[in-house]
Each structure stands twice: as structure tokens, then as C-alpha cells.
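Report on the following structure.
Please treat every number below as a calculation from the coordinates, not as lab data. Quick caveat, the model's predicted, so the values are computed rather than measured. Neighbour counts run over all protein chains shown; Cβ positions are idealised from the backbone, glycine included.
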Amino acid sequence: MVLANLGKRINGAVNNALSNTQDDYATSVDIMLKAIVTALLESDVNIALVSKLRGNIRNKLLDKSAKGNRSMTNAQTKKLIHKTVFEELCDLVDAKETQVFQPKKKKTNVIMFVGLQGSGKTTSCTKLAVYYSKRGFKVGLVCADTFRAGAFDQLKQNAIKARIPFYGSYTETDPAKVAAEGVAKFKKEKFEIIIVDTSGRHRQEEALFQEMIEISHVVKPNQTIMVLDASIGQAAEQQSKAFKESSDFGAIILTKMDGHAKGGGAISAVAATKTPIIFIGTGEHIHDFEKFSPKSFVSKLLG
Ligand code: GDP
């Protein structure tokens, strides 16, 4: 994971701060910040976010030092720097103000997925279905992708392997109709979580967004999740903004974190849409799925 490189560079910068005894404290902080800023920008984090983070860290560190902390030992100062950088990086990936939807047992919870083709939607739908099924929910999968030939077969194969009941159609061409039928069927059978997989396109296009609005209108999701491929870099921010307008998703699943993703684009997407990442995909297998927590993400990042 390239993110590990980012972590290594940030860690290196933090550890190097203060190692040169000839520099005064403020100069050391600025040298460190320059290295951190470069590492974040090269990992595709949006420049405005990086500049804000730089300002925040600088203020906190220099403010503390100005407040009579000159008596701090080098070790204490390093600890303070580590803590400050850690907290600021957490803030960058933490959409704190947004409440994440929690499905309720003995109720029908409809979860709709949106995202571009190839982002990992169908795979993530199955992973989430397994996640909830293991926690005692009765979960069903609906394939509302009538755009891509083979989409239903793919979901069917995944669902069979994972032993999750599924619904789809080989003949119906209206995705909203299939979605409505699938949700109605599972509702009648008292399923607690109904996950609706939708179609994607290779590019963002109006027809796709229109389709998402129509499906959303008929299935009335309790939660909409956007699936974002971590490897798309800077494009993540714009893509997530476009989906936000049509689908108003409340959560993000970030896929392919096991690959060569720089991840910074995804961090920018969180900030741009103020939407939390809830899970990350770390491989093609059903169990390659982790709950996302800003603190553990940043801890891992910094190693
Ligand atoms: P969809 O078109 O959005 O439904 O995408 P798919 O679910 O078909 O996934 C596209 C490709 O990405 C497939 O080959 C998946 O196995 C792969 N994929 C999905 N999630 C991950 C992940 O977290 N890591 C890796 N390495 N591959 C993934």
C-alpha cells in the first residue's frame, strides 16, 4: 500500500524534527511541515486541505512553545509534535458532524449502493451483506443493474458463495422496477437488511445520475453508500461531489486499499462531501473488509 509510504515519510519528518540542534524550534517545525506537506500533496490530498492542516499544526505547536513550554525536554517536544500531527491527520479523515446510519433489528433497513463501474460495488455489497449476516441480521441482496450484461450473474455467484439470498432479473430492463420488486419481495419475507446494488458507467454521466434518482425514489433507502476506488487519486473528490448531488449518499466504502492506492484522493473526498468512510475493502475476498476508524487508519498510516 502506497499509503504506508506516506506514513513513513510523515513519521520520518516528525522524527527528524528537532534532531538538528542548530535550528531553533520554529525553524525545525517549519522544516518538518514542509516535508509533511510535500508527502501529502504527492499522495493526492487536496491542496486546500493540506494548507489548512499545515496552518493548524503550526499554530498548535508554536502556540504551545510560546506559552512558556521552553522548559520541555526534547523528548516531550517530540511527543507533542507526534500527538499534534496525529490529531490533525485524524481530523482530515473524520467526518465527525455526520451521524452514521445503524440498521435496526426487526425492522426493514434498505441500503442502496452507488458508484462507477469497476469501483467494487458488487463485491462490497456482498461483503456488507456477510458483515451484517454474521451479526445476526436477515440480509438479502437485490441486483438493480440492468445496464451491464452479466451483472446479475456476478451478484448471484457472489451471493451463492456467501449464502446470502438474492433477487434479480434476466429479462426486465427497467432497473427501478427490478429494485422495487426485489425490495418488496424481501420486505414481505421480513428481511431486516435489503442491499440494493445498482449499475455504474465507466464515466460519470447524466443517465447514471438520473437512474440513481429514480431507484432511490422507489426503494426509499435508509442509507445510501457510495463505493469509491481508492486508486483513482485526485478524481475522487470531483466524482464524490457529483454523486452527492444526485444520490446524497451518507457513507463511503473505500475499496482496493490493498493495492497501489495513494489514498489521498479519498481523504479529500471525505472532506469535500463531509461524509464518513465506514468500511475499507482490502482485497477481492469476501472477508477482506474492515470497519473504518479514523484513529486506527492514521495509526496504521504512521506505523
Ligand atoms: P462494480 O463494477 O463496481 O460492481 O465492481 P466489482 O465489484 O465487479 O469489482 C471490480 C473489480 O475490483 C473486481 O475484479 C473485484 O474483485 C475487484 N475488487 C473489489 N473490491 C476490491 C478490493 O478491496 N481490493 C481488490 N484488490 N480488488 C477489489
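Between the alpha-carbon centres of region 255-280 and region 87-155 there is a gap of 15 Å. The peptide list 242-248, 146-152, put in order of mean Cβ contacts within 10 Å with the highest first, becomes 242-248, 146-152. Estimated purely from DSSP H runs of n ≥ 4, each contributing -39500 (n - 2.57), the mean residue ellipticity at 222 nm for the chain is -17000 deg cm²/dmol once divided by its residues.
Enter the per residue convex hull volume of region 241-291, computed from alpha-carbon coordinates, in Å³ rounded to the nearest integer.
Values: hull volume 4.2 nm³, N = 51.
Looking at region 241-291, the number lands at 82 Å³ per residue.
Write down the percent of antiparallel bridges among all DSSP beta bridges whose residues are both part of the chain, to the nearest 5. Can you show the working numbers first?
On the way: 3 of 27 bridges.
So the antiparallel bridges in the chain amount to around 10 percent.
How large, in Å, is region 107-165 by the Kirkwood hydrodynamic radius built from its alpha-carbon pairs? Numbers along the way, then the final one.
Numbers: mean 1/r = 0.0837 Å⁻¹.
One over the average 1/r among Cα pairs gives 11.9 Å for region 107-165.
If I model region 98-207 as equal point scatterers sitting on the Cα atoms and use the Debye formula, what is log10 I(q)/I(0) at q = 0.12, 0.13, 0.20 Å⁻¹? With no solvent term, the Cα-only Debye profile gives -0.38, -0.44, -1.03. Using the Cβ of Asn15 as centre and a radius below 13 Å, the other residues enclosed give a net charge of +4, where K and R count +1 and D and E count -1. For the peptides 44-53, 267-276, the ranking by packing is 267-276, 44-53, with the highest mean count of neighbouring Cβ atoms within 10 Å listed first.
Summarising the amide proton neighbourhood of Phe166: residues at separation of 5 or more, or on other chains, whose placed amide H is nearer than 5 Å comprise Leu141. Cα-based radius of gyration for the chain, normalised by 2.2 N^0.38 Å, reads 1.14.
Could you pull out the pairs from Lys134/Lys256; Lys78/Lys241; Lys83/Lys256; Lys104/Lys274; Lys156/Lys220 whose alpha carbons sit more than 32 Å apart here? Check vs 32 Å cut-off fails for Lys78/Lys241. Distance between the 7 Å Cα→Cβ label points at Arg201 and Thr38: 4.1 nm. When peptides 10-16, 197-203 are ranked by their average number of other Cβ atoms within 10 Å per residue, the highest-first order is 197-203, 10-16.
Can you check what the net charge comes to around Lys52, using other residues whose Cβ is under 12 Å from the Cβ of Lys52 (Lys, Arg +1; Asp, Glu -1)? Present the calculation step by step, with values, prior to reporting the outcome.
Details: positive: Arg54, Arg58; negative: Glu88, Asp91.
With Lys, Arg at +1 and Asp, Glu at -1, the net is 0.
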